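The values are calculated or read from the model by the stated rules, or taken from the named source; none is laboratory data. Nothing here was measured: the structure is a model prediction, and the numbers come from that model. As a convention, Cβ positions derive from the backbone with ideal geometry for all residues, glycine included, and neighbour counts pool all protein chains shown.
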Amino acid sequence: MKTSVCGRSNAFAFEYLDGGCNEDVNLHKNTAELREVELKPYYLSDHNTSSLKTELFGKVYDAPFGIAPIGLQGLMWPGAPEILAKAARQHNIPFVLSTVTTASIETIGKLTDGNFWFQLYHPAENALRDDLFDRAEGAGCEVLCVLCDVPSFGYRPRDIRNGLAMPPQMTLSNVLQILGKPEWAIRTLLHGQPEFANLKKYMPKDLNMGQLGQYMNQTFSGRVNEAKLAPIRDRWRGKLVLKGVASEEDTEMAIRLGFDGVIVSNHGGRQLDAGQSSIRSLTPIVQRHAGKIKIMLDSGIRSGVDVARVLASGAEFAFLGRSFMYGVAAMGQAGGDHVCTILKKQLQQVMEQVCCERVADLPGYLIRRSEKPPPD
């Protein structure tokens with residue numbers, strides 16, 4: 001599917017989606033170390049059927065995974081966040097809207113009848129934060145994800161080389177790429193130039209690359225702490241999730257502040273190349289805090305088999321970002337539905353194969369490191 005994406009989308013957009021930070025070490029560890037997780041089948045058990053239905057925050061979803069937030073989605077394929085929001089609604093799974101994507105809170109609220117989550121990049125000014133809260137609440141959003149893993153912007157050489165901005169900087173290389181992808185160009189022209197839809201009302205017009213970077217640095221304070229998080233819990237009436245957690249200590253603070261859940265994540269390997277993979281960070285958090293707060297995970301998950309690995313490792317829910325975007329960039333309007341269908345089938349097959357009837361029982365099928373035989 002990644003090959004199809006390369007064939008339909010521009011290289012600068014694909015590299016933004018596909019790349020990590022620095023040398024991509026943690027990007028590759030995310031997937032490689034997740035795939036070291038092994039499951040034990042119990043073939044002779046009295047197994048009937050396997051159900052993917054999962055309860056989370058009082059709502060029963062049709063599968064234990066959702067669509068993670070990604071910025072600049074419409075740059076990769078026109079209308080991408082709208083396509084994915086519709087697919088999430090159709091398949092009854094969560095869709096998480098990023099502050100810095102290309103569809104507005106209001107648009108996604110209408111498409112999903114309010115069944116969406118909103119990911120907050122913490123603004124420097126409380127007035128902007130509160131206005132975003134009001135808009136999210138007005139659109140029916142019941143789950144707010146506060147991002148905590150962007151105290152500084154990751155060093156991403158591809159994006160620097162490509163002059164990535166909104167709209168993309170028109171270097172000669174980018175112009176040639178656009179001319180070489182006529183379908184993308186025509187659809188973008190018909191849909192409209194991608195923009196930061198949630199921030200449009202607050203931003204000065206016609207910012208160049210340098211001005212855009214300066215605006216984002218001035219407007220958003222990615223570094224959060226207890227003093228910034230406590231007022232959010234007081235202000236937000238719905239469920240509250242801390243996204244980007246990678247330590248037991250930060251999870252403990254989330255519990256103390258009254259958060260309802262955490263998403264263990266390393267931002268898809270896009271922030272700290274010297275950090276742990278998300279699956280490695282998960283284990284001690286589950287061992288110390290399971291049952292005290294909802295523990296979820298994203299980063300490195302590419303398939304329904306990976307979802308099973310994550311759930312067996314103790315996470316209660318999983319989120320995928322790149323897999324869904326690959327699908328939309330490769331297949332357009334049909335991409336979101338296609339990826340949802342594949343992931344469900346893959347996860348169903350794994351659960352049937354190991355004879356697991358409920359998602360919540362998957363940890364009982366995990367082969368733990370102490371159980372693995374030593375290498376020859």
(request) Go through region 257-298 residue by residue and tally those that are among the hydrophobic types (A, V, I, L, M, F, W, C) and assigned to a loop (DSSP other than H, G, I, E, B). (result) 4
(request) Report yes if some residue within region 55-71 is under 19 Å from the mean Cα position of the chain (by Cα), closer than 19 Å to residue 191 by Cα and not hydrophobic (A, V, I, L, M, F, W, C); otherwise report no. (result) yes
(request) Report, by residue number, each residue of region 130-152 that is of a type outside the set (A, V, I, L, M), in a loop (DSSP other than H, G, I, E, B) and touching a helix residue (DSSP H, G or I) at 6+ places or on another chain (Cβ under 8 Å). (result) 140, 141, 148, 149
(request) Identify the residue in region 233-280 that is over 20 Å from residue 64 (Cα atoms), modelled with pLDDT of 95 or more and of a type in the set (Gly, Ala, Ser) and, among all such residues, is surrounded by the fewest Cβ atoms within 10 Å (Cβ to Cβ). (result) 274
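Restricting to region 305-315, name every residue that is free of Cβ contacts under 8 Å to residues at least 60 places away in the same chain and either surrounded by fewer than 24 Cβ atoms within 10 Å (Cβ to Cβ) or of a type in the set (Val, Ile, Thr) (or both). Break it down stepwise before answering.
In the first step, residues of region 305-315 are kept if they are free of Cβ contacts under 8 Å to residues at least 60 places away in the same chain; the result is 305, 314-315.
Selection gives 305, 314.
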(message) Suppose we keep only residues that are in a helix (DSSP H, G or I) and surrounded by 11 or more Cβ atoms within 10 Å (Cβ to Cβ) within region 205-217. Which one would you say is modelled with the lowest pLDDT?
(response) 209
(request) Inspect all residues belonging to region 32-42 and state whether any of them is assigned to a helix (DSSP H, G or I) and out of contact with any helix residue (DSSP H, G or I) (no Cβ under 8 Å at 6 or more places or on another chain). (result) yes
(message) Criterion first (on the phi < 0 side of the Ramachandran plot and in a helix (DSSP H, G or I)) does residue 362 satisfy it?
(response) yes
(request) Considering (1) of a type outside the set (A, V, I, L, M, F, W, C); (2) under 30 Å from residue 157 (Cβ atoms); (3) part of a loop (DSSP other than H, G, I, E, B), say which one residue 47 fails and leave the rest. (result) (2)
(request) Scan region 323-339 residue by residue and report those that are under 19 Å from residue 305 (Cα atoms), in contact with a His (Cβ under 9 Å, 6 or more places away or on another chain) and surrounded by fewer than 24 Cβ atoms within 10 Å (Cβ to Cβ). (result) 337
(message) Here is a check on your reading of the model: is residue 291 surrounded by fewer than 24 Cβ atoms within 10 Å (Cβ to Cβ), free of Cβ contacts under 8 Å to residues at least 24 places away in the same chain and either closer than 24 Å to residue 354 by Cβ or in contact with an Asp or Glu (Cβ under 8 Å, 6 or more places away or on another chain) (or both)?
(response) yes
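May I ask you to verify whether residue 54 is in contact with a Phe, Trp or Tyr (Cβ under 7 Å, 6 or more places away or on another chain), surrounded by fewer than 23 Cβ atoms within 10 Å (Cβ to Cβ) and either modelled with pLDDT of 95 or more or polar (S, T, N, Q) (or both)?
yes
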(message) Looking at region 309-331, can you tell me whether even one residue there is modelled with pLDDT of 95 or more, of a type in the set (A, V, I, L, M), more than 22 Å from the chain's Cα centre (by Cα) and not in a loop (DSSP other than H, G, I, E, B)?
(response) no
(message) Given (1) free of Cβ contacts under 8 Å to residues at least 40 places away in the same chain; (2) surrounded by fewer than 21 Cβ atoms within 10 Å (Cβ to Cβ); (3) more than 14 Å from residue 197 (Cα to Cα), identify the lone condition not met by residue 71.
(response) (3)
